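Take a look at the structure set out below.
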Amino acid sequence: LLTGMAIGLFVAGAASVEAQKTTDLKPGSGGSPHVRTEWAIDGAAIAIEYGRPFLKGRPEAQMMPPGQEWRTGADVATIITTDKPLKFGAISLTPGSYTINTVPGDKEWQLVLGRLSKPGQWGIPYQKALEIGRTPMKIGKAAKPVENVTISIDDAASGAVVQIEWGTASATAPFTIG
């Protein structure tokens, strides 16, 4: 019985590891590494492509300005791509590619989703005309300081959670699939 349980836990752990794949992309013009991370969650294939700037000792409030739209990465716009419908709060996304921006704050962040106007769309200046909508993000402290912007998606009991971490900030927003 214990051997069966151990094998079951191993298989479950292996399945979660295989559910995420990160591919390094060409560095941005400013030297920031760029990645494409893919997840398989609840039957959906979801990918996020983004630049991962270094904090390099700079003040977090300078890099993630409170109350201002932030491209949530470096260089080109941060992009989420899905093959299934996603729902972030009141925002419904059909299968396709969308931009991710955030508005950092002390008590809460806002996740800002927008239309992608063209491949390679630059991340700044913020293009309000392309905005689809905003949804609240819960803000907390990262378990340990994060030098490079890191975006992840974790499976949850009812959908998934997108998490953005940089410096000491950790912002999360739940979403559903389908």
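Quick notes on this one:
- Selection status of SER92, in a strand (DSSP E or B) and surrounded by fewer than 17 Cβ atoms within 10 Å (Cβ to Cβ): yes
- Listed by position, the strands (runs of 3 or more DSSP E) contained in region 102-178 that have at least 1 residues being over 17 Å from the mean Cα position of the chain (by Cα) are 131-156.
- Conditions (1) among the small types (Gly, Ala, Ser); (2) open to solvent by 20 Å² or more (accessible area, probe 1.4 Å); (3) under 12 Å from ALA77 (Cβ atoms): number failed by GLY140: (3)
- No other residue among THR78, THR99, THR82, THR72 is over 11 Å from the mean Cα position of the chain (by Cα) and not hydrophobic (A, V, I, L, M, F, W, C) apart from THR82.
- Selection count, region 61-89, where residues are out of contact with any strand residue (DSSP E or B) (no Cβ under 9 Å at 6 or more places or on another chain) and surrounded by 16 or more Cβ atoms within 10 Å (Cβ to Cβ): 0
- Among residues of region 38-54, those that are part of a loop (DSSP other than H, G, I, E, B) and either open to solvent by less than 20 Å² (accessible area, probe 1.4 Å) or touching a Lys or Arg at 6+ places or on another chain (Cβ under 6 Å) (or both), counted: 1
Conditions tested, residue by residue: (1) modelled with pLDDT of 95 or more; (2) farther than 19 Å from VAL35 by Cα; (3) among the aliphatic types (A, V, I, L, M); (4) touching a Ser or Thr at 6+ places or on another chain (Cβ under 6 Å).
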position	(1), (2), (3), (4)
THR99	yes, no, no, no
PRO104	yes, yes, no, no
GLN110	yes, yes, no, no
LYS144	yes, yes, no, no
GLY159	no, yes, no, yes
ALA171	yes, yes, yes, no
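- For GLU131, the conditions (1) free of Cβ contacts under 8 Å to residues at least 40 places away in the same chain; (2) open to solvent by less than 80 Å² (accessible area, probe 1.4 Å); (3) within 20 Å of ILE153 (Cα to Cα) all hold with the exception of (3).
- Residue match in region 81-96 (condition: touching a Ser or Thr at 6+ places or on another chain (Cβ under 7 Å), under 17 Å from THR150 (Cβ atoms) and either hydrophobic (A, V, I, L, M, F, W, C) or modelled with pLDDT of 90 or more (or both)): no
The values are calculated or read from the model by the stated rules, or taken from the named source; none is laboratory data. These numbers come from a predicted model, not from an experiment. No Cβ is skipped: glycine too gets one built from the backbone with ideal geometry, and neighbour counts run over all protein chains shown. Note: areas computed on protein heavy atoms with side chains; ligands, DNA, RNA excluded. Shrake-Rupley method; radii C 1.70, N 1.55, O 1.52, S 1.80 Å.
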